[in-house]
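Colleague: Quick one: the structure is below, and I'll ask about it shortly.
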Amino acid sequence: MLDLLVEFAADPWSASLILVLGVIVLLIGGHLLVNGAAAIARRLGWSTLVIGLTIVAFGTSAPELFFNVIAAKSGHSEMSFGNIVGSNIANIGLILGVTALFAPLVVHGRIISKELPWLVFISFFALGMALVTFFGKGQSFDRFEGMIMLAAFAAFMIAWYRMGKRDKADPLIVELGTEAEEESQASLPLAISMLIGGLVMLLLGGKLAEIGAVSAAKLLGLSESLIGLTIVAVATSLPELATCVIAVRKGHDDLAIGNIIGSNLFNLLLVLGTTAVITPVVVPGKWGIWDLVAMNVITLLLWPFARTHGKKVSRIEGGILLLLYFGYMTFSVVRELR
């Protein structure tokens with residue numbers, strides 16, 4: 001079956017079709033997984049807070065996680081690297097930029113002011129590890145570095161849970177709890193079916209997207225890391241886009257920004273950590289380091305944007321983020337074609 005799909009992806013249009021189909025299956029699978037897991041957790045007596053800060057937050061990063069694991073296991077870890085870094089750049093530059101361009105985003109939650117410095121620190125930490133790796137023993141994040149990221153992820157989740165218990169009045173905590181409550185009304189048999197079906201669709205969608213992306217990269221003469229940085233990164237960031245649009249329409253600016261920051265933390269710690277533990281994640285050539293630098297620059301820039309102008313990300317600042325995103329993506333494509 002997989003061989004037939006690879007043969008079918010013999011031209012750019014067919015490869016693109018398989019990639020799009022894979023991403024759609026990934027998104028549906030992630031939604032089913034979150035709803036099923038939340039319902040089961042409620043039957044086990046978990047609080048809405050715990051569900052919101054773990055299962056719901058995990059849901060928007062599930063496409064990246066499953067795509068990366070499957071791609072890395074198939075020997076395409078450069079695409080995994082590009083997807084992680086590209087998703088973080090797209091989340092801030094494209095998604096948050098577009099959202100702020102249409103409506104200035106108010107940043108008033110205490111959890112945001114605590115998470116954002118952590119995101120900046122962890123982004124620079126990932127760059128530091130890549131530099132040590134690049135100029136030291138090799139060109140990849142290895143199993144040991146992946147375990148460090150996963151340990152940091154576990155510590156962060158514990159700290160986030162404790163902070164959530166203290167800050168129950170925070171709008172982000174309240175909305176996450178409400179969202180989790182709405183997603184946990186299914187019966188137990190239906191919830192189990194949704195959980196299993198979601199996992200199967202995530203695996204299938206990840207494989208389809210990987211076949212389509214790899215085929216497109218070869219046919220277009222582009223590197224796998226660039227395909228991961230651009231097309232795949234934007235595609236797997238669609239859950240964040242949907243969450244931000246819905247949150248802003250409901251007037252929950254904090255949830256929109258919190259989802260972006262939380263998703264980027266998940267990508268760096270959970271997704272990159274898990275992928276590196278399974279198989280080394282290659283830092284592609286000299287440009288991989290520059291991609292990480294670009295991710296750090298746009299992340300660091302969000303900090304003053306979120307804390308100035310009455311703690312708003314204004315339309316002008318959203319436009320700057322958007323221009324930076326398209327500017328760097330254009331540069332990334334041009335450098336490949338030279």
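The values are calculated or read from the model by the stated rules, or taken from the named source; none is laboratory data. Please read all numbers here as calculations on a predicted model, not as lab measurements. Note that we place each Cβ from the backbone using ideal geometry, even for glycine, and neighbour counts take in every protein chain shown.
Colleague: Just name the residue that is surrounded by the most Cβ atoms within 10 Å (Cβ to Cβ) out of those in the stretch 308-337 that are of a type outside the set (D, E, K, R) and touching a strand residue (DSSP E or B) at 6+ places or on another chain (Cβ under 9 Å).
Modeller: 313
Rundown of residues vs (1) within 16 Å of the chain's Cα centre (by Cα); (2) crowded, with 24+ Cβ neighbours inside 10 Å, yes/no style:
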{"residue": "203", "(1), (2)": "no, no"}
{"residue": "224", "(1), (2)": "no, yes"}
{"residue": "274", "(1), (2)": "yes, no"}
{"residue": "278", "(1), (2)": "no, no"}
{"residue": "286", "(1), (2)": "no, no"}
{"residue": "289", "(1), (2)": "no, no"}
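Colleague: Only one of 34, 25 is surrounded by 18 or more Cβ atoms within 10 Å (Cβ to Cβ), modelled with pLDDT of 80 or more and in a helix (DSSP H, G or I); which?
Modeller: After ruling out the rest, the residue left standing is 25.
Colleague: Separate question: Being loosely packed, with under 15 Cβ neighbours inside 10 Å, modelled with pLDDT under 90 and within 17 Å of residue 120 (Cβ to Cβ), is that true of even one residue in the stretch 292-304?
Modeller: yes
Colleague: Restricted to the stretch 262-312, and to residues that are part of a helix (DSSP H, G or I), aliphatic (A, V, I, L, M) and touching a Phe, Trp or Tyr at 6+ places or on another chain (Cβ under 7 Å), which residue is farthest from residue 326 (Cα to Cα)?
Modeller: Filtering the stretch 262-312 for residues that are part of a helix (DSSP H, G or I), aliphatic (A, V, I, L, M) and touching a Phe, Trp or Tyr at 6+ places or on another chain (Cβ under 7 Å), the one farthest from residue 326 (Cα to Cα) comes out as 276.
Colleague: Cβ-Cβ below 8 Å, separation at least six or inter-chain, first residue in the stretch 21-36 and more than 17 Å from residue 209 (Cα to Cα), second modelled with pLDDT under 75 and of a type in the set (Val, Ile, Thr): which pairs?
Modeller: 34/55; 34/56
Colleague: Just give me the residues in the stretch 208-234 being polar (S, T, N, Q) and outside any helix (DSSP H, G or I), in sequence order.
Modeller: 223
Colleague: Can you find even one residue in the stretch 314-322 that is out of contact with any Gly (no Cβ under 8 Å at 6 or more places or on another chain), within 30 Å of residue 146 (Cα to Cα) and modelled with pLDDT under 90?
Modeller: No, because not a single residue in the stretch 314-322 is out of contact with any Gly (no Cβ under 8 Å at 6 or more places or on another chain), within 30 Å of residue 146 (Cα to Cα) and modelled with pLDDT under 90.
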